1. Rank these for me by crowding, B:R201, B:R102, going from fewest to most other beta carbons within 10 Å.
2. So if R0 is 35 Å, what FRET efficiency would A:S100 and A:Q160 give, r being the distance between their Cβ atoms, rounded to the nearest 0.05?
3. How well do other chains shield peptide B:122-132, expressed as the mean number of their Cβ atoms within 10 Å of each residue Cβ?
4. Based on the alpha carbon coordinates of segment A:77-198, what radius of gyration and maximum Cα-Cα distance (Dmax) apply, in Å?
5. Using the Karplus curve 6.51 cos²θ - 1.76 cosθ + 1.60 with θ = phi - 60°, what ³J(HN,Hα) values do you get for each residue of segment B:79-95, in whole Hz, with x for Gly and Pro?
6. Provide a whole-number value for the mean count of partner chain Cβ atoms within 10 Å of the Cβ atoms in peptide A:137-143.
7. Loop-only check: which GluC sites (Glu not before Pro) in segment B:44-136 are DSSP coil with at most 15 other Cβ within 10 angstrom?
8. Can you give me the long-range amide H partners of B:H158? Hydrogens built in the peptide plane at 1.01 Å from N, cutoff under 5 Å, separation of 5 or more residues or another chain.
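Read-outs throughout are calculated quantities, based only on the coordinates presented, and are distinct from any laboratory measurement. Owing to the predicted nature of the structure, the values given are computational and were not obtained by experimental measurement. Neighbour counts are summed over all protein chains in view; Cβ atoms, including those assigned to glycine, are modelled from backbone coordinates with ideal geometry.
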Amino acid sequence: MADRKRTAASAAGGFAVLGAACLLATGLAFGPSGAQEPPKAPAPQDEGAPQDIQVPAPPFTEGIFPCTQCHDGKTVKLNTTRRKLVDMHDDIVLQHGPASRWCLDCHDPQDRDKLRLASGERIEFSRSYLLCGQCHGDKFRDWRVGVHGKRTGEWNGKKQYLLCVHCHYPHAPHFKPIKPLPPPVRPETLRGEKGAQP
Amino acid sequence: MSDFPETRAAEPEEAGTGSSSRRRFLATAGVAAVAAALAGCKNLSLEEFVQRNFREVSKDELKTIIARLEKEYAAKFGKKVTVGLEPPLPGVLFGYALDLSRCIGCRRCVYGCVKENNQSRDPQIQWIRVLQMDKEAGVDIQHADPYYNPELVPQEGHFYMPVQCHQCKNPPCVKVCPVGATWQEPDGITVVDYNWCIGCRYCMAACPYGARHFNWGAPHLPPEEINPATHYLGNRPRSKGVVEKCTFCIQRVRNGRYPACVEVCPTGTRKFGNLLDPQSEIRYILENKRVFLFKEDLNTQPKFFYFYGV
């Protein structure tokens, strides 16, 4: 992150751009930058959102957001050619949908701090479920009623939802296998004060 | 016929001497039995020994019982342990649904449950058992493996089916209890009065889901691991010789919260709610998903449903 900012600053030079960088840094300090922050996104009351539900902030990689700190149209010029990324974001290996899919199918090319629906509508990252729901309509429908995905809180009151991307890494959404916790002790080896031994 | 009256006449005399000696014998034996019982239960206070069934005690009696229990637990664990008495909520019937297409067999629920419900760590007691099954064979408990332990789950070709108390509407365990130490509450949760249970384990034999567990030894629960928020009919510390079971986390759900296993599951497999509320998640599942009951043919009428979310 620091490297990238330094590169950005040196590439641009000039006081105006430095000023802009300062502004961005301020934005960064207060912007949503990690999953551990308390939910601050206001409940989005649009057609796709579950009612009266607080969704926590999107799980950005530390320091990556806002994207316009680099993708401001000046520091990094817009390049709409489909290509393998080498300088930046080369850690992202897209394993999601057909091979023809790439970054700008979901990320808005003009405003990088937004996502883009198939209709061309720009949406905030905090409403990314609308984007996911374009293809995964059945999951989206279940998620809205609380059947798909994890829900915590109160069964008859306030619940905490998660965004799709809290569990499914959007660039490779398939769940990674995890280590199971230890199996139960077999009854024949159960120890006790009395009785367990045959 | 002729010697019949003689026999009849002889009876009272014999019975007279017999009854006086029997009375003396019974009196001695009775005192000895009570003394022996009290001596045998040296960890049992007199109040605990004469305590009646939870459903028969008055509110005042309950207060003293709770105070006694809290004092005992505080002495045993060195910290304040509250014993709640939250009653069932009106208009609520709890139901549970588990998505077989999502469970990955990670056993987070098993240990989340142990932590929440103060089960004995040694000898080990767990209320949830996760069965690993072959996808090819389907639900086949004859060949299910609860002891699977691979490096990573889910394993190719397998699916996982956690089993716990099904909170049956027609619970065989309640029917067989000879002393009425276990019963179904109005909100559908089958509970145990640990102070009334005599440890005969009939309920364990009757339960087709293996959901009841017996404290064969004195339960060992490290004081630093105890969950101090307990309910009388739920996760309060148990003693040796009593049966225990899942209560849908009665101490949580009667306060509006989700059970611990629902909240700990990393894949959102577990769903919980009020079966009487048409807007609840659980009702949506029952109305829109493919749902099945485990061992439905036994007519236990579980309120625990398995479904396929995809």
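1. Numbers: B:R201 17, B:R102 22.
Sorted ascending by nearby Cβ count, the order is B:R201, B:R102.
2. Values: r = 36 Å, r/R0 = 1.04.
After rounding, the FRET efficiency stands at 0.45.
3. Values: counts 4, 8, 8, 3, 2, 0, 1, 2, 4, 0, 2.
Whole-number average of other-chain Cβ neighbours for B:122-132 is 3.
4. So, for segment A:77-198, Rg and Dmax equal 22.2, 76 Å respectively.
5. 8, 6, 10, 8, 10, x, 10, 3, x, x, 7, x, x, 10, 10, 6, x
6. On the way: counts 0, 2, 2, 0, 1, 9, 1.
Partner-chain Cβ atoms within 10 Å, mean over residues of A:137-143: 2.
7. On the way: sites: B:E47, B:E48, B:E56, B:E61, B:E70, B:E72, B:E116, B:E136; in loops: B:E56, B:E136.
Qualifying residues, ordered by number: B:E56, B:E136.
8. B:K135
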